[in-house]
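Participant: Quick one: structure below, then a few questions.
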């Protein structure tokens with residue numbers, strides 16, 4: 001796929017570069033931290049120092065050559081995808097995230113949940129012949145441009161990157177009902193589901209009280 005998208009998209013997908021960092025973080029705070037069901041359920045956007053903490057969480061995803069943005073004809077940022085190349089022996093990144101986010105309760109609740117999903121999905125155990133996957137860590141679209149092919153274009157770019165990096169699989173975790181449906185439409189296969197009602201704190205209370213139709217986190221893979 002070229003940087004310029006086909007005409008029907010009316011936007012283009014281009015690499016995220018260093019100077020985009022502040023703009024991208026502000027975009028994700030507005031459309032991902034605010035809107036994503038897990039984040040919204042605990043009002044993560046109100047967490048003290050969330051901007052700094054979130055930046056620490058994603059900073060390594062800006063300069064790996066796998067981060068892309070969708071830009072409107074007017075030059076406005078309308079979508080972002082942050083990817084990571086994950087190998088069978090990879091484990092250091094998760095340990096670093098846990099250290100960086102120490103002391104931020106709501107953020108730690110979410111990262112602990114995501115770690116559990118990734119651990120229990122155990123993609124490399126399920127697929128012993130797969131040694132590397134392209135992991136879609138974050139994908140977010142400006143709400144006024146949703147339903148216009150932006151998400152699909154960003155995923156198409158990710159698939160292209162996976163093929164270029166000799167990854168036989170694309171992996172994505174979806175905690176939104178709508179993103180899960182989008183993955184299904186694009187041919188992804190669901191390999192794991194964890195219902196929010198089953199994820200409890202030490203007092204037996206549901207941690208993430210998400211509104212319907214968001215009832216679970218699902219892991220999807222696409223075989224290439």
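Participant: Length gain on complete extension for the stretch residue 21 to residue 120, per 0.36 nm per residue less the alpha carbon to alpha carbon distance?
Facilitator: Stretched out fully, the residue 21 to residue 120 stretch lengthens by 32.4 nm.
Participant: Ranked by Cβ crowding within 10 angstrom, fewest neighbours first, how are 178, 220 ordered?
Facilitator: Ranked by crowding around the Cβ, least crowded first: 178, 220.
Participant: Hey, what did segment 7-223 get for relative contact order, percent, Cα under 8 Å, at least 6 apart?
Facilitator: 22
Participant: Further question on the same structure: With a point put 7 Å past each Cα toward its Cβ, work out how far residue 72 is from residue 186 in nm, to one decimal.
Facilitator: Each label point is offset 7 Å from its Cα along the Cβ direction, giving 2.2 nm.
Participant: By how many nm would the segment from residue 206 to residue 51 grow when fully extended, if each residue of separation counts as 0.36 nm and the alpha-carbon distance is taken off?
Facilitator: Result: 53.2 nm gained on full extension.
Participant: Now, a different point. What is the Å³ per residue value for the convex hull set by the Cα atoms of segment 149-202?
Facilitator: Dividing the Cα hull volume of segment 149-202 by its residue count gives 109 Å³.
Participant: Between residue 129 and residue 108, what's the calculated FRET efficiency when r is the beta-carbon distance and R0 is 22 Å? Round to 0.05.
Facilitator: The pair residue 129/residue 108 has a calculated efficiency of 0.05.
Participant: At 222 nm, what value in deg cm²/dmol follows for the chain if DSSP H runs of at least 4 each add -39500 (n - 2.57) and the sum is divided by all its residues, to the nearest 500?
Facilitator: Dividing the helical sum by the residues of the chain leaves -10000 deg cm²/dmol.
Participant: Can you sort 221, 117 so the residue with the fewest Cβ neighbours within 10 Å comes first?
Facilitator: Lowest to highest Cβ neighbour count: 117, 221.
Participant: Could you check what % of the DSSP bridge pairs in the chain are antiparallel, to the nearest 5?
Facilitator: 90
Participant: Turning to a different aspect of this structure: Arranged from highest to lowest average of other beta-carbon atoms within 10 Å per residue, in what order do the peptides 34-40, 162-168, 15-21 appear?
Facilitator: Most protected by this proxy first, the peptides run 34-40, 162-168, 15-21.
Participant: If you average the alpha carbon positions of segment 102-153 and of segment 154-224, how far apart do those two centres end up, in angstrom?
Facilitator: 6
Participant: Here is a follow-up. When you count, for each residue, the other Cβ atoms within 10 Å and take the mean per peptide, how do 75-85, 128-138, 48-58 rank with the highest first?
Facilitator: The most tightly packed comes first, giving 75-85, 128-138, 48-58.
Only the coordinates and a few stated rules stand behind these numbers; no lab work does. No experiment lies behind these values; they were computed from the predicted model shown. As a convention, Cβ positions derive from the backbone with ideal geometry for all residues, glycine included, and neighbour counts pool all protein chains shown.
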